[in-house]
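What follows is calculated from the coordinates using simple rules that are stated; it is not laboratory data. Because the structure is a prediction, the values reported are computed rather than measured. Positions of Cβ are generated from backbone atoms using ideal geometry, with glycine treated the same way; all protein chains shown enter the neighbour counts.
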Amino acid sequence: MQKTGLKYVTFLTFMLVMTGCSSGLPSDLEYQNVVKAQWLQADVVSGSSGQRVMWFQLFDRSGDQQSINFYRNAPDEVRGHPARVSDNSIWVLVAGRFEIRLNADNNAGSAGSPENMTRLLEAFDLRAMAAYEGEALDGEGLVRFLPDLPGGG
């Protein structure tokens with residue numbers, strides 16, 4: 001996604017905040033195939049169709065300078081955080097520590113649209129991530145930042 005795409009994502013973010021929409025996510029999304037290892041990953045599926053719409057990985061990158069440096073000259077920004085944005089993915093580093101890799105499924109059609117990816121990203125507890133100063137978190141600890149969807153616990 002070029003800079004115009006980022007402006008579109010930024011505009012959508014602005015509209016979600018200004019309209020008071022808590023997440024704007026389709027109501028039938030749920031988690032499946034949740035993996036809690038040194039990181040957290042899950043598929044986000046449509047509860048009505050069972051089709052995977054997106055998938056994500058969430059990492060605590062504290063002490064991983066190589067991963068942090070990957071965002072040093074990132075061409076994009078999402079809510080003030082360095083990001084790498086393309087047509088089917090948004091990767092962002094929150095507070096120089098937490099990396100979210102959000103990817104649309106190639107077969108999801110409009111359900112995996114940039115708008116829905118932005119809405120899911122906005123539903124993560126980015127404020128809590130930015131405020132967190134504790135020890136490194138593994139997948140079990142990272143669950144606290146997830147959007148509230150069925151199947152996430």
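Modelled spin labels at Ser27 and Ala130, positioned 7 Å past Cα toward Cβ, are 3.1 nm from each other.
Over 23 Å apart: what share of the alpha carbon pairs of segment 20-114 falls there, rounded to a whole percent? Mind showing how you got there, number by number?
Numbers: 1372 of 4465 pairs.
Summing the P(r) tail past 23 Å for segment 20-114 gives 31 percent.
Using a/c under 1.5 as the rounded threshold, could you call segment 38-87 rounded, prolate or oblate? The axes a ≥ b ≥ c are square roots of the C-alpha gyration tensor eigenvalues, and prolate needs a/b larger than b/c, oblate otherwise. Could the numbers behind the result be given before it?
Values: a/c = 3.53, a/b = 1.72, b/c = 2.05.
Here segment 38-87 falls in the oblate category.
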